[in-house]
């Protein structure tokens, strides 16, 4: 789908010794520096760490040691993933300067697979946002149109992949934070089944929703990434006791005969006109591969946003309680008392959206209101899960657009509710803990520029392999649904 | 008309696990500040809790000993409040679905004190205030606790103290908790109200963080008096939380009802519900040993000990275990009881003795059984046994060997005894005359002289007495 190699191709070249990891990495670092101005994906680059690591990998290969499945592949990490000794500020002033004292489970797995950690990417503060604009440190621009958002909250990770700076990045997806930016940047992103990848070392936003999620320019790279990242972790009690998923097969499935895919008509109403046309084209492409389209009832998905903004804010308000200035991060003195110090630190250092979500979450858990808000949301979440289960009794995968339309302009969605609605199509699968993948699904034009759209596939919990298989078949059958971004094209020809 | 008190207790006991409730950090008292910590118990961003299996085991063991019903499934909740020694900004506890409910224990009077529930939770850290600074030590953060909550079944400070003592005994016996109050392993909150007999319950007041039996007693007595005085004066009691000041023996307002915190409880999404398989619970039940009350009764009934001695011996499990081993090895339970209650427990209180508990003594039950056997065999007398036990406190060695080393063995050689007796009789005509006049007791005055003549070697006083009498008779 692109002139730049994907992770799998790059790994094969490096493992075969056709290029050194160090030289490849040096070029990657140059590109990242050159594109800082027009993309601005990275919050921090780790050139010394990365080069040291690259040399180590080159030495190991020369010594005849086996090459891991991500041998030499540079990977960008969302700045909410802990790497021992590195910044992981989560886009928040409250963690400015903090360096993680340990590494995340997912990060350890990347390293064990031979990956090179390149740097930390910008994000909406703690994941609170769908455009990247809620970061305290920098807002990435969309490689398709610099005036537009990359989506969010894994904005920098999506931008880095779409701009051709890295073949693979990690983000985190709580309500669509990987799928939505993947769609808006024209790349692929997979939110695995909840619990498939360890959350240990992922700074928590909504603990019952958070998933460490890869972004890449090809579906097989997502498959590769999942095979590296997935697996049990005794340090995360919600991590499933499942063996890691399978590495990608050599060839994409040629046909999808017998596959039943479901479309919920109610979800189509949210789509902008030309986006609807692209969605229908994508469904037609699946049918052309032999799959059967069915209509499913998923009317509870209509309440998903309401459920989500109760559950996620409740959990977030609790998870963010630890940022009190006592043990790490900057501190504000306030009136000098303990409570005053905590109040000043939190009041001055959290951004507006973080404050809004903490207030919302605190409110829905308040004694006397808790059952009406949090309790009702939990019950509704169970009913939504049940409706998904019924739908999956009739179809193998569900298909929808990833977003109602293409990337919007930076600054366009100042109203928080308008911003929250950006997640309307991604939140349902999050609430149900389902594996859901966004892959490029064609283009629409805005302001004279082509902008990518995403197509979202979801499957029952633990059936990550199913969405990957369908996505891979579609990607192979309809290469025109994806294109390198203008920035990536410039990189490829440079 | 009189007033009666209605009292309920909430007791926090630290479980005797090796590691903390949600991380692998060691649990140890007295370590330098912040040396037993990790990303989890210091709430580093991204760190997650994983529940400790051993904590569940000890918690269930305690629940079974207290006759509680263990829930097939329990869950952890988050309880939010802001304080510098609460790293996450919430405490992980069990609010809606504790691991057990019901149960209770019976006081000596036969009164039943019912438990509402017991739940598992983590401890917070410790804060010390020094000048303008607050110093936080997180070694204790995440240490597992069980909080047991009684019904308001207690009616006096004395009953509350008795309940606490019985609870402590059971927790120590089962090994669930060390209950060392000086290390903060047992802490108590008290709920007190007073009413006229027959009335419905009146407003209750909570007194927080009592860490001694004496404090519990004083706080309850003070609170009963305070509330009674308020009502007698025509006033009312406010629902509030008070703190006990042990220096002055009074309770003081901590916060009123209007300042009660909203803890915003909700199920901890990081910890899936925990299943307590009935087969596993039954396995723990089958391993449960004899509880202190049953032991006490058995000592009186089948070993013939006095209720007092039985009580002293069972107050601590290690003492009772030591006693049982000694009694079994020596086949002399009464003697074992005597030596332990008198010599051993007294010796342990001696500040010169290093051992603080019976487990730390440099000798074991078989050594004490050997001492008892030496007395039985007539090799030493009770004075010798006392000296021997005193020696065992400080020096290693088998009692039989020590007896010789210390010269405690009674001299049985008749010719030597006779020699010493004759020496003792020299110049003691007055005593001899008294004895001859029928005052045989007068001979006692000579025993000291015999011992002196024996020059430190042990003699059997009765034997010496008999020989002296015989020699006096022969003198004619």
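What follows is calculated from the coordinates using simple rules that are stated; it is not laboratory data. Just so you know, these numbers come straight off a predicted model, no measurement behind them. Cβ sites come from the backbone with ideal geometry, for glycine too, and all protein chains shown count toward neighbours.
Values as computed for the structure displayed
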item: Rounded Å value of the spacing that divides the Cα centres of region A:188-259 and region B:165-219; result: 51
item: Computed P(r) (all Cα pairs; region B:250-379; 10 Å bins; percent); result: 10, 27, 20, 13, 17, 10, 2, 0
item: Separation in nanometres of the label points that stand 7 Å from Cα toward Cβ, at residue A:409 and residue A:99; result: 4.3
item: C-alpha long axis of helix B:382-394 to longest principal axis of chain B, angle in °; result: 50
item: Residue A:450 versus residue B:29: modelled label distance in nm, points set 7 Å from Cα along the beta carbon direction; result: 7.4
item: Additional length obtainable on full extension of the chain from residue B:96 to residue B:4, 0.36 nm per residue less Cα span; result: 29.9 nm
item: Normalised contact order of region B:290-405, rounded percent, pairs of Cα under 8 Å and 6 or more residues apart; result: 21
item: Where only C-alpha atoms are counted, convex hull volume of region B:4-282 per residue in Å³; result: 146
item: Radius, Kirkwood style, for region B:414-475 when every pair of distinct Cα atoms is counted (Å); result: 11.3
item: Average projected area [Cα convex hull, region A:1-78], square nanometres; result: 5.7
item: Taking the C-alpha atoms of the protein assembly as shown, convex hull volume expressed per residue in Å³; result: 238
item: Cα gyration tensor of region A:66-116 - equivalent ellipsoid semi-axes, whole Å, descending; result: 24, 10, 7
item: Chain B: angle of helix B:414-425 to the longest principal axis, Cα-based, in degrees nearest 10; result: 80
item: Region B:388-420-region A:52-122 distance, computed between alpha-carbon centres (Å); result: 74
item: Among beta bridges that DSSP assigns inside chain A, antiparallel share in %, nearest 5; result: 70
item: For region A:74-214, projected area of the alpha-carbon convex hull averaged over all directions, nm²; result: 7.2
item: Calculated on alpha-carbon atoms, Rg and Dmax of chain B in Å; result: 30.3, 101
item: Pairwise FRET efficiency - residue A:421 versus residue A:333, Cβ, R0 = 25 Å, nearest 0.05; result: 0.05
item: FRET efficiency estimate (nearest 0.05) - Cβ-Cβ, residue B:161 to residue B:202, R0 30 angstrom; result: 0.85
item: Residue B:133/residue B:350 FRET efficiency (R0 45 Å; Cβ-Cβ; nearest 0.05); result: 0.65
item: With Cα atoms, 0 to 90° folded angle of helix B:53-65 axis to chain B main axis; result: 70
item: Ranked A:374, B:81, criterion: other C-beta atoms within 10 Å, fewest first; result: B:81, A:374
item: The protein assembly as shown: antiparallel DSSP beta bridges as a percent of all, rounded to 5; result: 85
item: Percent RCO, i.e. relative contact order, over chain A, from Cα pairs under 8 Å lying at least 6 residues apart; result: 18
item: Reciprocal mean inverse distance between Cα atoms of chain A - Kirkwood radius, Å; result: 22.3
item: Longest to shortest principal axis, alpha-carbon extents of region B:331-432, angstrom; result: 53, 28, 26
item: Label point 7 Å beyond Cα of residue B:298 along Cβ direction - residues of region B:332-347 with amide nitrogen under 15 Å; result: B:333
item: Length added when fully stretched, residue B:398-residue B:325, from 0.36 nm per residue minus Cα-Cα; result: 24.6 nm
item: Spatial separation of Cα centroids for region B:19-76 and region A:421-480, in angstrom; result: 42
